[in-house]
């Protein structure tokens with residue numbers, strides 16, 4: 001046995017939502033190989049004391065843009081249009097090297113807060129894949145593609161499609177599927193049917209997933225109704241975008257018909273509550289989507305609209321918003337939200353047989369949380385504690401496929417200082433910009 | 001000089017919201033005695049390196065019930081009535097000793113997350129005051145009093161009023177005002193006009209503040225309209241409850257007339273966004289209350305409806321909810337929310353000349369945050385970082401009146417282990433209750 005977590009409280013996230021106190025969970029060859037009440041009888045390379053700790057499946061961040069890490073706090077409290085313009089100002093300056101380092105910065109943050117797998121959507125995805133490969137984290141990486149009315153389109157030469165095909169050749173199923181490349185239509189409002197059909201066809205031929213921003217804002221949703229006589233979900237359906245496993249990020253403005261159709265088509269919604277509030281987009285109808293049978297996962301979106309990658313914030317906020325939205329405190333119980341952040345994400349990523357639970361044979365994608373701090377005492381209910389009282393800051397160890405990628409402030413696979421130094425030369429100003437110093441106070 | 005924070009980025013929270021990089025902030029006799037660009041020339045007992053750190057005024061939690069710490073996670077995802085009943089089940093078992101220790105547990109959590117002053121409302125307030133006195137934190141402590149139709153009422157003998165008068169004699173203005181005792185009507189719906197008038201008169205005579213739960217739920221608000229033909233705010237106004245400095249917790253359902261009247265009467269609203277979402281109460285009209293001229297502070301409420309005392313969560317959520325509620329991303333900018341959590345709280349507590357800013361002569365109620373972690377890099381804007389990306393977990397030091405009460409996981413004034421052992425015998429089950437273990441998994 002490579003590693004055993006000893007005397008830990010294991011939250012399995014299986015169908016019965018077992019919470020096992022005093023458990024021993026063993027890892028062999030990157031997979032969960034033992035769950036019991038005693039040390040396994042075979043030799044153990046590393047025993048990790050889990051006394052006072054909770055072990056659970058790693059969280060899955062099903063919608064993010066990691067390379068936007070340098071944009072954290074860059075442009076705040078602004079309406080969408082000026083916000084986008086100031087974001088584009090920075091993005092225009094980002095090259096492959098910046099994207100690779102920015103992705104590593106984002107991965108460190110994700111790992112530190114207990115995320116073991118991400119669904120990424122951006123460009124320069126070769127550079128993103130390099131960072132993911134190095135770090136050891138799991139990722140579905142989608143090449144978010146836009147195409148505007150009047151753009152010449154030929155799938156063989158259109159830049160976003162060329163980049164996607166190259167990434168599929170080089171990176172799809174890398175490291176036994178740790179990396180998966182996906183197709184991505186950035187959004188209905190930022191592309192045309194030629195792109196939708198070409199990507200839908202290509203994804204179906206290559207067995208790729210699809211990742212789309214869907215009905216994030218009321219404006220986007222209503223303009224599609226005006227332009228197409230159909231909602232964004234419906235018009236994309238007509239062009240066979242949902243023929244493959246697909247994730248639809250946001251889904252704030254879906255109507256009942258959309259929900260029924262997306263449910264039948266097996267599309268996962270990715271709820272990004274912090275981002276949707278921060279940009280004033282609205283509150284997604286999570287309880288209704290689930291009632292229609294849709295799988296709902298959770299995502300942070302980028303740090304430009306969040307401003308961190310702590311998915312525990314999404315977990316708590318998803319639970320809270322459902323209560324106030326429906327007026328029913330039991331509309332979305334704690335256990336269900338925790339499932340959205342683990343198994344729901346695994347389903348969205350097409351990884352439900354691989355991770356999202358502590359079960360024999362699953363990948364050892366695990367996180368350990370320190371439950372001995374004052375804010376987690378007493379502990380009447382481990383699940384409620386994880387959802388309402390804990391934070392990503394309580395994570396002390398993050399493991400993907402049996403490899404420890406974060407432990408007590410350290411990232412064994414990433415040179416943190418080198419990443420920060422690389423980024424300093426590109427887009428990051430000094431930690432505290434002198435422009436903040438508007439005047440000099442007097443002395444006493 | 002007793003203590004100097006050296007080379008720190010100081011967020012002053014003064015009217016100009018200065019952010020001072022490379023600052024030196026000195027403390028003498030419990031007060032801020034120096035703000036400059038160099039070490040002060042007089043001898044310094046302790047120099048604290050603030051490189052990569054942010055120093056700001058301590059947060060003020062303007063509505064909480066610290067002794068409810070043992071109820072964290074006790075009763076989850078339930079409608080109000082069964083929730084209240086299960087809470088009362090525990091509360092009936094709490095005596096003075098439990099309250100004192102539970103308050104110490106709550107104070108540790110508050111300090112750990114950067115709170116330097118709390119507005120408390122509960123009973124057994126003598127025991128609460130003992131815990132506050134020992135710990136060094138600042139507190140306004142209100143004796144939340146209920147009185148139901150049919151109860152015999154005589155101010156001289158009514159138990160809640162007796163307890164209040166005893167606490168005023170023993171504890172009001174203790175330690176040069178570090179503790180202040182306040183009168184408190186628990187709520188319009190849990191008392192009658194005899195109590196309102198008696199407490200309003202007593203508070204005015206003794207120069208005490210007043211702390212009330214106000215229009216938290218739609219039911220409470222509408223039943224007052226039915227019963228009195230007046231909103232809770234209006235009926236309490238008729239009985240002179242707002243004659244003294246007063247805090248009104250929640251204010252979710254205030255109407256425009258309430259806001260105008262409470263503004264003219266100088267009543268502070270205390271916004272508790274997490275608790276209001278968790279109990280499905282609604283979203284308080286913060287932007288409208290501020291537009292009417294009301295001071296708005298922030299509170300966590302108790303851990304039974306939160307479930308932690310990290311006021312940074314309220315800061316972020318208050319900013320986010322205002323955006324989605326108004327549809328305007330700039331409706332409540334980051335700096336304004338940070339003011340609510342500091343100066344707004346100081347105003348609510350009647351302490352605006354004493355704390356809430358880094359300024360010469362103010363009490364040294366200060367917190368230090370570590371800004372060198374991946375989730376706080378880069379830092380384009382310190383204020384936005386504090387509001388949207390930081391967490392109470394980033395606090396590494398909490399000081400009240402120049403005394404360090406929390407530093408790097410340690411509480412110099414509180415014996416953490418003794419508190420936990422005391423509570424174990426009362427209401428806290430073992431950390432992980434064996435009842436959670438419903439079955440035994442198999443081994444692999």
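Taking residue B:86 as the residue in question, decide whether it is free of Cβ contacts under 8 Å to residues at least 60 places away in the same chain, assigned to a loop (DSSP other than H, G, I, E, B) and surrounded by fewer than 18 Cβ atoms within 10 Å (Cβ to Cβ). Against the criterion (free of Cβ contacts under 8 Å to residues at least 60 places away in the same chain, assigned to a loop (DSSP other than H, G, I, E, B) and surrounded by fewer than 18 Cβ atoms within 10 Å (Cβ to Cβ)), residue B:86 does not qualify. Could you tell me whether any residue of the range A:357-377 is in contact (Cβ under 8 Å) with a residue 24 or more places away in the chain, touching a helix residue (DSSP H, G or I) at 6+ places or on another chain (Cβ under 7 Å) and away from chain B (no Cβ under 12 Å)? Yes. Of the numbered criteria (1) facing chain B (nearest Cβ under 9 Å); (2) crowded, with 22+ Cβ neighbours inside 10 Å; (3) more than 21 Å from residue A:121 (Cβ to Cβ); (4) touching a residue at least 40 places away in the same chain (Cβ under 8 Å), the one residue A:309 fails is (3). When the range B:11-29 is filtered for residues that are under 23 Å from residue B:344 (Cβ atoms), outside any strand (DSSP E or B) and touching a residue at least 60 places away in the same chain (Cβ under 8 Å), the ones remaining, listed by number, are B:12, B:13, B:14, B:17.
Considering only residues that are buried (at least 16 other Cβ atoms within 10 Å of the Cβ) and within 7 Å of chain B (Cβ to nearest Cβ), look in the range A:417-444 and name the one that is modelled with the highest pLDDT. Per the criteria, the residue is A:420. Among the residues of the range A:30-47, at least one is closer than 22 Å to residue A:379 by Cα and within 12 Å of chain B (Cβ to nearest Cβ). Screening the candidates B:287, B:303 for the property of being in contact with a helix residue (DSSP H, G or I) (Cβ under 9 Å, 6 or more places away or on another chain), in the same structural domain as residue B:112 (by TED's automatic domain parsing) and surrounded by fewer than 22 Cβ atoms within 10 Å (Cβ to Cβ) yields one hit, B:287. Just checking, which of A:51, A:98 is within 14 Å of chain B (Cβ to nearest Cβ), part of a loop (DSSP other than H, G, I, E, B) and surrounded by fewer than 24 Cβ atoms within 10 Å (Cβ to Cβ)? Within the list A:51, A:98, the selection yields A:51. Right, residue B:294: in contact with a helix residue (DSSP H, G or I) (Cβ under 6 Å, 6 or more places away or on another chain), more than 21 Å from residue B:81 (Cβ to Cβ), without any contact (Cβ under 8 Å) to a residue 40 or more places away in the chain and assigned to a loop (DSSP other than H, G, I, E, B) or not? Taking the combined requirement at face value, the residue satisfies it. Residues that are more than 12 Å from every other protein chain (Cβ to nearest Cβ), crowded, with 24+ Cβ neighbours inside 10 Å and over 16 Å from residue A:64 (Cβ atoms) within the range A:260-277 comprise A:262, A:267, listed in sequence order. The residue list A:280, A:327 contains one member that is within 14 Å of chain B (Cβ to nearest Cβ) and within 16 Å of residue B:320 (Cβ to Cβ), which is A:280.
The values are calculated or read from the model by the stated rules, or taken from the named source; none is laboratory data. These figures come from a predicted structure and were not determined experimentally. Heads up, the Cβs are rebuilt from the backbone with ideal geometry, glycines too, and the neighbour counts pull from every protein chain shown.
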